[in-house]
Amino acid sequence: MRNLTSVSVVVSIALLAGVAASAPASAAGYRCSSSTRELDTPQYNGPWADNWTVTTKLCAKRSNGRVYAYASVSWDGPNAGLGGGFTNDAYFLVQIRSGGKVKASQRFYGIESRWDSSDGNGNYNGSYKTGTVSWKGKAKAVAAGSLNLEWKDDGKGFQSTSFASSPRV
């Protein structure tokens, strides 16, 4: 029984090593760029701080002939003194671009409920990670993205803020 167990362990390790060795080098990980933008709450002009500091990390990787992209977004917003309910709608747009053209694109609306929610101390700070967008293509590509907010009571529709694209993959 002991010899059979030892053989099983050795075979399992050999199989795992073979699987790891056969994984393509391009599947090793994402290449990312981060950037930060300051946004003003348009419906408030009072004495309290009302700016939002938004940091986005856009990431892309190439694996098996496909490009994959996603975004991680975090923000430090105003405090509870402004009352909340800042937007009517919001989404984060993730795109894969190649040669200046959009090859794949998806809107992620899950950010809206988090954007308008404060923490237990009344601070509007949060984060959101989008799903993954993919595109099958051989050309070099980047992940691009923008935060699109329809601010409450400003009458201007969606306002778009773009962030730095990922490195080319």
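The values are calculated or read from the model by the stated rules, or taken from the named source; none is laboratory data. For clarity, every value in this text was computed on a predicted model and none was experimentally measured. Using ideal geometry, Cβ is built from the backbone for each residue, glycine included, and neighbour counts are taken over all protein chains shown. Each accessible area value is taken on the protein alone, full model and side chains, heavy atoms only, with ligands, DNA and RNA left out. Shrake-Rupley method; radii C 1.70, N 1.55, O 1.52, S 1.80 Å.
General observations
- Per-residue SASA remark: F163, around 10 Å² accessible (1.4 Å probe; ligands, DNA and RNA not included).
- With K and R counted +1 and D and E -1, the other residues having a Cβ less than 12 Å from that of F108 yield a net charge of +2.
- Taking each of K61/K156; K103/K156; K103/K152; K57/K103; K57/K156; K103/K129 in turn, the alpha-carbon distance tops 24 angstrom for K61/K156; K103/K156; K103/K152; K57/K156.
- Net charge of Cβ neighbours under 9 Å - reference A71; Lys, Arg +1; Asp, Glu -1: +2
- Evaluated at q = 0.12, 0.30, 0.31 Å⁻¹: base-10 log I(q)/I(0), Debye formula over Cα of the range 115-169: -0.49, -1.22, -1.23
- Projected label points at E38 and S134, each 7 Å from Cα along the beta carbon direction, are separated by 4.1 nanometres.
- What the phi angles of the range 58-67 give under the Karplus curve with 6.51, -1.76 and 1.60, with θ = phi - 60°, is a coupling list of 9, 10, 9, 8, 10, 8, 6, x, 10, 10 Hz, glycine and proline written as x.
- Accessible area in square angstrom per residue, the range 61-158, 1.4 angstrom probe: 48
- Here each label is just a point 7 Å from Cα along the line to Cβ, and for D89 and T161 those points are 2.0 nm apart.
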